[in-house]
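Heads up, the thing below is written out as structure tokens.
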Amino acid sequence: MSGLPDTIHFNQTYLNYHYEWNGFPTILAILPWFYMIPTIYVTLKIFLVYLTNDWDTVEPGKNQYVFLVISLTQISCFSYFLFNYLIVRLPATGWFTSYCASIEPNKWLLTISFFTSYTNYTAMIYPFFMPIVRLIIITHPKNHNKINSIVMRIAVPVALIYPICFTFFLIPAIGVCKQLEFPYQFGSIWVYYVGPAFGLRNTPFFLANASFWLACSVLANLILFLKLTRAREQLITQQVSSISYRAQVSITYTTIAMIVFYVTNGLTLLSYYQFYGTNSVMSYTLLARPFGNDSQACLVSWIFYKTHPVFKKSPTDTGGAFERRVHAV
């Protein structure tokens, strides 16, 4: 089988390629693990609370659906990080260029591309559920568990099916390896696809979804922030008021993390549309996109871990019990 046009498959120049230090592509492949590995550890601690806690026992500071949404959000973020790493950052190093040139375009390469797109959509959707769950807790304090149970039973399957509406055209496609354009050097490749149904591409769908979920998430967080502010004004004790303030700060930082993710995604996609394949300095913005995506995984996990009372031990509790100061945030 001969190589497809604009791909590296069976191209003798790429078959003869040998890795040499190529600067930033290798650095960009190694650097993320220095902050992702500690963040994965923190996320596992959050997920462990969800898995091991007795949710039938009401305990201040813990809510099953807050931890469920946080866990789902971070699992989708790390899944997207992994597949995005396999589609761009790892092959861009040049470590597998010769091997990729020696194989035929195939469905395994397409699988990487498909799940990169799929997990990108889930990473957009799940953050929206977090303020929704918290709003239900605030507005329905007596039966919020029942309402959230119904909401999540619907929301989770929808979130899993929703991305297929924007990735179905990849099913008949085939995965290929292509040379990355400027500012990447010769030998830096990435995994892409050819032959999608109806000639559709991911980028317009990504842009539309990033804009839509950005607007929804910001609006939901704004409403939540206003609700918390109103609730704080009605509180009596300074202790509870301080906790409410910390919750507001946590939500504010979480919103910023989500905005960074959506905005970075949107801006770099626009940059890709306009400048990819040119020698414009704007093509360097493509290098920033993965770190904008990483910020959601890292910031949300660390903010939640550092601010939620479940992970703070009471100074008077020598037995190591969790501090119980606040109802679910």
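Among Phe83, Phe96, Phe47, Phe34, which is the only one that is of a type in the set (Phe, Trp, Tyr) and farther than 30 Å from Tyr17 by Cα?
Numbers: Phe83 fails: farther than 30 Å from Tyr17 by Cα; Phe96 fails: farther than 30 Å from Tyr17 by Cα; Phe34 fails: farther than 30 Å from Tyr17 by Cα.
After applying the criteria, what remains is Phe47.
Show me the helices (runs of 4 or more DSSP H) entirely contained within the stretch 1-57 in which 1 or more residues are touching a residue at least 12 places away in the same chain (Cβ under 8 Å) and in contact with an Asp or Glu (Cβ under 9 Å, 6 or more places away or on another chain).
Here the list reads 32-52.
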Filtering the stretch 150-179 for residues that are surrounded by 13 or more Cβ atoms within 10 Å (Cβ to Cβ) and of a type outside the set (A, V, I, L, M, F, W, C) leaves a count of 6
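Considering only the stretch 97-211, give the helices (runs of 4 or more DSSP H) lying wholly within it that have at least 2 residues that are small (Gly, Ala, Ser) and over 29 Å from Phe24 (Cα atoms).
On the way: elements: 97-102, 107-139, 144-161.
In the stretch 97-211, the matching helices (runs of 4 or more DSSP H) lie at 144-161.
Can you work out which of the residues in the stretch 108-162 that are more than 23 Å from the chain's Cα centre (by Cα) and charged (D, E, K, R) is farthest from Trp55 (Cα to Cα)?
Step one: list which residues in the stretch 108-162 are more than 23 Å from the chain's Cα centre (by Cα), which gives 136-147, 149-150.
Okay, now just the ones that are also charged (D, E, K, R), so 142, 146.
Values: Lys142: 16, Lys146: 13 Å.
So, considering only residues that are more than 23 Å from the chain's Cα centre (by Cα) and charged (D, E, K, R), the one farthest from Trp55 (Cα to Cα) is Lys142.
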Handout entry: Any hit, the stretch 62-79, residues being in a loop (DSSP other than H, G, I, E, B), of a type in the set (Phe, Trp, Tyr) and out of contact with any Cys (no Cβ under 7 Å at 6 or more places or on another chain)
Key = no
Within the stretch 184-211, of all residues that are surrounded by fewer than 16 Cβ atoms within 10 Å (Cβ to Cβ) and over 19 Å from Phe169 (Cβ atoms), the one modelled with the lowest pLDDT is Ser211
Any chance Leu110 is at pLDDT 90 or above and either surrounded by 13 or more Cβ atoms within 10 Å (Cβ to Cβ) or β-branched (Val, Ile, Thr) (or both) = yes
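The values are calculated or read from the model by the stated rules, or taken from the named source; none is laboratory data. Note that the structure is predicted; figures quoted are calculated from it, not measured. Reconstructed Cβ throughout: ideal geometry from the backbone, glycine too, with neighbour counts over all protein chains shown.
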